[in-house]
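Asker: This is the structure I have questions about; it appears just below.
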Amino acid sequence: MIMMKLSGRPSSMNSMLACNARVPLCSVSSSHAGHAHSPFVCGGGGVVWCGGGVPLRIRRRLQVHASEGSSSSSSSSIKVNDEDSWVSDESTIIQEVDVVQELESALLVACLHAGRGDDQSYRTNENVAAVNDAVEKLANVKTTNSSKTGTWRLAYASTPLVFRATPFYWLVGEMATNIFNVDAERDLFPLIGSLQEPLQANFGDIVQEVDGDLLRSRVQLSVLSGALSTTLVTTARTVPLTTTTSQAQVVVESSRVTQTPLSPILDAVDVPVESIFDAIGAASGKGASALKPVMRTIYTGEQVRVEEVQGVTMVFERQ
């Protein structure tokens with residue numbers, strides 16, 4: 001039996017399917033403000049069951065633990081939080097077969113096994129295939145009505161050069177390819193990545209904050225084995241190519257370096273990236289549009305978001 005520990009706060013579920021069949025019950029716990037470790041009811045195979053009127057969609061991170069457990073068919077009281085009603089009659093249990101949440105959770109588990117990308121010792125053909133399979137299944141989900149707005153942490157990149165998960169380097173790649181006719185994938189980015197070892201550089205959390213069309217990237221970086229640490233902040237906006245497409249141009253507006261020994265002086269200095277690169281595009285005769293990377297959204301859900309830029313697939317986990 002699969003035992004799941006869920007954490008997060010519940011939100012309203014979109015739809016529920018009535019089911020009067022008696023099902024085996026297993027213990028699932030939830031921790032959130034006001035009521036910790038509230039009992040849930042779940043069916044086999046990780047499908048969540050809940051009582052009448054009880055919210056089911058939970059913005060959460062799953063920690064899946066395979067363990068031996070005993071099942072019971074006896075009736076059990078259910079309460080999700082203090083605002084919900086107690087449900088003690090098993091016949092009132094309502095089933096929502098939430099395949100989408102199971103797929104999202106499977107993708108996060110696959111990313112955990114494959115690693116973020118910068119440590120290739122975790123990478124095998126099998127765990128990369130598991131990530132690709134989960135992404136492909138989620139890509140076939142028509143819509144989840146989930147918003148991109150929120151904070152997202154990079155969980156997986158299809159390249160070991162994880163700095164490519166930030167809009168600034170998307171812009172650098174466009175400039176190399178379209179202005180200087182340099183193969184960024186083959187020549188430029190590996191060159192930048194090769195500096196990591198002599199500089200004893202390590203990347204910490206890579207986070208994107210999305211609010212409507214605003215995208216702000218924060219990349220933690222340490223060099224000289226941690227002697228110097230900083231956060232690279234890039235602010236961009238997204239412009240949909242059409243109203244019906246999943247593709248959007250990314251316009252990088254500014255970039256700055258924060259949390260350095262020179263803070264707060266440098267913290268307040270925004271480099272006008274958009275103006276500088278627009279001038280480069282104009283001077284080249286190719287125009288500013290030549291320096292607008294395109295981001296393709298493969299999937300956005302409650303737990304995960306999958307993007308593709310310049311051939312790199314990135315999986316972000318909602319925080």
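The values are calculated or read from the model by the stated rules, or taken from the named source; none is laboratory data. Since we're looking at a predicted model, the values are computed, not measured. Here the Cβ is made from the backbone with ideal geometry for all residues, glycine too, and neighbour counts use every protein chain on show. The protein model used for the area step is the full one, side chains on, heavy atoms only, and it has no ligands, DNA or RNA in it. Shrake-Rupley method; radii C 1.70, N 1.55, O 1.52, S 1.80 Å.
Asker: Of the numbered conditions (1) of a type outside the set (Phe, Trp, Tyr); (2) touching a Leu at 6+ places or on another chain (Cβ under 9 Å); (3) within 26 Å of Val239 (Cα to Cα), Ile276 satisfies every one except a single condition; which is it?
Answerer: Condition not satisfied by Ile276: (2).
Asker: Looking at (1) open to solvent by 80 Å² or more (accessible area, probe 1.4 Å); (2) within 20 Å of Phe316 (Cα to Cα); (3) among the hydroxyl-bearing types (Ser, Thr, Tyr), which one does Thr244 not meet, given that it meets all the others?
Answerer: (2)
Asker: Can you tell me which residue is most open to solvent (accessible area, probe 1.4 Å) among those in region 276-311 that are among the polar types (S, T, N, Q) and in contact with a Ser or Thr (Cβ under 9 Å, 6 or more places away or on another chain)? Walk me through how you get there before you give the answer.
Answerer: Filtering region 276-311 for residues among the polar types (S, T, N, Q) gives 284, 289, 297, 300, 303, 310.
Still in the list and also in contact with a Ser or Thr (Cβ under 9 Å, 6 or more places away or on another chain): 297, 300, 303, 310.
Working: Thr297: 26, Thr300: 21, Gln303: 4, Gln310: 58 Å².
Only one residue fits best here, namely Gln310.
Asker: Checking the conditions here, which among Thr234, Thr230, Thr243 is out of contact with any helix residue (DSSP H, G or I) (no Cβ under 8 Å at 6 or more places or on another chain), in a strand (DSSP E or B) and of a type in the set (Val, Ile, Thr)?
Answerer: Values: Thr234 fails: out of contact with any helix residue (DSSP H, G or I) (no Cβ under 8 Å at 6 or more places or on another chain); Thr243 fails: in a strand (DSSP E or B).
Sole residue among the options that is out of contact with any helix residue (DSSP H, G or I) (no Cβ under 8 Å at 6 or more places or on another chain), in a strand (DSSP E or B) and of a type in the set (Val, Ile, Thr): Thr230.
Asker: Inside region 113-226, counting only strands (runs of 3 or more DSSP E) that do not spill past its ends, which hold 1 or more residues that are open to solvent by 40 Å² or more (accessible area, probe 1.4 Å) and in contact (Cβ under 8 Å) with a residue 60 or more places away in the chain? Even if it seems obvious, please write down each step before you answer.
Answerer: Numbers: elements: 150-157, 202-211, 214-223.
It comes to 150-157, 202-211.
Asker: On the given criteria, is Glu302 in a strand (DSSP E or B), within 23 Å of Glu209 (Cβ to Cβ) and under 18 Å from the mean Cα position of the chain (by Cα)?
Answerer: no
Asker: Right, something else. Could you check region 281-319 and list, in sequence order, the residues that are touching an Asp or Glu at 6+ places or on another chain (Cβ under 8 Å), of a type in the set (A, V, I, L, M, F, W, C) and over 18 Å from Arg116 (Cβ atoms)?
Answerer: Ala288, Ala290, Leu291, Met295 - these are the residues of region 281-319 that are touching an Asp or Glu at 6+ places or on another chain (Cβ under 8 Å), of a type in the set (A, V, I, L, M, F, W, C) and over 18 Å from Arg116 (Cβ atoms).
Asker: Okay, moving on. Is region 260-276 home to any residue that is at pLDDT 90 or above and out of contact with any strand residue (DSSP E or B) (no Cβ under 7 Å at 6 or more places or on another chain)?
Answerer: To start, the set of residues in region 260-276 that are at pLDDT 90 or above comprises 271-276.
Pick out the ones that are also out of contact with any strand residue (DSSP E or B) (no Cβ under 7 Å at 6 or more places or on another chain) and you get 275-276.
Taking every residue of region 260-276 in turn, at least one turns out to be at pLDDT 90 or above and out of contact with any strand residue (DSSP E or B) (no Cβ under 7 Å at 6 or more places or on another chain).
Asker: Go through (1) modelled with pLDDT under 95; (2) open to solvent by 60 Å² or more (accessible area, probe 1.4 Å) one by one and return the number of the condition Gln319 breaks.
Answerer: Looking at each condition in turn, Gln319 falls short on (1).
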